Amino acid sequence: MYQIKVNGNKEFTISKDSLQDLDAVKTEDYQFHILQNNASVKAQILDSNFNQKSYTIKVNNNSYEVVIKDDLDQLIDHMGFSVGAHKQVNDIKAPMPGLILEINVKEGQEVKEDDSLLILEAMKMENVITSPREGIIKSVKVNETDTVDKNALLIEFE
């Protein structure tokens, strides 16, 4: 399931199956022709921020700010890693069981919000775990090639 938020206030969910049924044809780079319920729609991606999963989309000459969250994004939000008013996350835990592929930080390193901390492979997908806030890395509790369980402590902040 995908959770969609449009213009910061309208929210709805879309199943992966319903996306399979969507009749969309790419007409040019970032431009699509979509048929849905016998209605023709022209869509264009004007801007995208992959890290924030946000997009500015023009549909039939109207622009919309869209945020799309998949199951992993929703799980990360639920665990408190999402960007919000409280950014005093002091430790990073594994959102799911997996294999540590790459560690991009070391003890004592200063990081900024959204910096890549490590890459966790889970279910044959590489998941980049980013920093939820600015800070200094107190300790890295895992090594590359380690297998971790869900909620295993990965990184601590000072």
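For segment 103-120, the criterion of a residue being crowded, with 16+ Cβ neighbours inside 10 Å, in contact (Cβ under 8 Å) with a residue 60 or more places away in the chain and among the aliphatic types (A, V, I, L, M) is satisfied by no position.
Count of segment 28-41 residues, restricted to those that are touching a residue at least 12 places away in the same chain (Cβ under 8 Å) and either touching a strand residue (DSSP E or B) at 6+ places or on another chain (Cβ under 6 Å) or in the same structural domain as residue 127 (by TED's automatic domain parsing) (or both), is 6. Can you pull out the residues in segment 122-139 that are within 22 Å of residue 72 (Cβ to Cβ) and without any contact (Cβ under 8 Å) to a residue 60 or more places away in the chain? The answer is 122, 123, 124, 125, 126, 127, 128, 129, 131, 132, 133. Out of 48, 139, 131, I need the residue that is outside the structural domain of residue 8 (by TED's automatic domain parsing), hydroxyl-bearing (Ser, Thr, Tyr) and within 19 Å of the chain's Cα centre (by Cα). Which one? Going through 48, 139, 131 in turn, the sole match is 131.
Take the residues of segment 1-55 that are part of a strand (DSSP E or B) and of a type in the set (Lys, Arg): which is farthest from residue 115 (Cα to Cα)? Top of the filtered list is 42. Right, residue 102: in the same structural domain as residue 131 (by TED's automatic domain parsing) and touching a strand residue (DSSP E or B) at 6+ places or on another chain (Cβ under 9 Å) or not? It is true that residue 102 is in the same structural domain as residue 131 (by TED's automatic domain parsing) and touching a strand residue (DSSP E or B) at 6+ places or on another chain (Cβ under 9 Å). Any residue at all in segment 59-80 that's in contact with a helix residue (DSSP H, G or I) (Cβ under 6 Å, 6 or more places away or on another chain) and surrounded by 13 or more Cβ atoms within 10 Å (Cβ to Cβ)? Scanning segment 59-80, I find no residue that is in contact with a helix residue (DSSP H, G or I) (Cβ under 6 Å, 6 or more places away or on another chain) and surrounded by 13 or more Cβ atoms within 10 Å (Cβ to Cβ), so the answer is no.
The values are calculated or read from the model by the stated rules, or taken from the named source; none is laboratory data. It should be emphasised that the depicted structure is a prediction, and the values quoted were computed from it without experimental measurement. Every residue, glycine as well, gets a Cβ built from its backbone with ideal geometry; the counts of neighbours run over all protein chains shown.
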